[in-house]
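The values are calculated or read from the model by the stated rules, or taken from the named source; none is laboratory data. Since the structure is predicted, the reported quantities are computational estimates derived from the model, not experimental observations. Cβ placement follows ideal geometry from the backbone for every residue including glycine, while neighbour counts extend to all protein chains displayed.
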Amino acid sequence: MQLPSDPGWETSRMESTQEKVSYLTQREVADRFRVTQSTVKNWREKGLLAYLRVSGSTRVLYPASAVEELERTSLHQEREVIKPREVKRERPEISPRQQKVWRI
C-alpha cells in the first residue's frame, strides 16, 4: 500500500479513478428520459447512443457519459414547434320548420 507521503501515491489514485466507468441499464436510461425501453433501443440502432454488449449475452449497458452527452445535446437542440390545425367549430343549423310528429 502506498502512503500519502509517497510521490507516486497521487498518480496511482488518479489512475484508479479514471478506470472506473459507470454504466446504466436500458431500463435506467428509459426512466431517466421518461420513455419506453423500445425507444432507447431505437436510439441505439440509429447510433444516437453508445452501448456495450458482452458477447454471448443479451444484456445491453450504456456508459453514463454517453447518456449524459445525449441528454445535453437533446436539451439544447432547437426544434420546430408544430401547431395543430385549428378546427372550425360551428353550431349545427336547426331547421326553421317544425319537425313532423309521428303517431302510431
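Annotation note: Cβ proximity below 6 Å between a residue of segment 38-51 that is at pLDDT below 95 and a residue that is part of a loop (DSSP other than H, G, I, E, B) (sequence gap 6+ or interchain) occurs for TRP43/LEU49; ARG44/TYR51. Looking across ARG27, ARG85, ARG79, ARG89, one residue alone is modelled with pLDDT of 85 or more and loosely packed, with under 14 Cβ neighbours inside 10 Å. It is ARG27.
Scan segment 92-104 for residues that are at pLDDT below 75 and β-branched (Val, Ile, Thr) and the total you get is 1.
Right, TRP102: hydrophobic (A, V, I, L, M, F, W, C), assigned to a loop (DSSP other than H, G, I, E, B) and either free of Cβ contacts under 8 Å to residues at least 60 places away in the same chain or touching a Cys at 6+ places or on another chain (Cβ under 7 Å) (or both) or not? So TRP102 fits the description; yes. The set of residues in segment 52-67 being without any contact (Cβ under 8 Å) to a residue 40 or more places away in the chain and either over 19 Å from ARG32 (Cα atoms) or not basic (Lys, Arg) (or both) consists of LEU52, ARG53, VAL54, SER55, GLY56, SER57, THR58, VAL60, LEU61, TYR62, ALA66.
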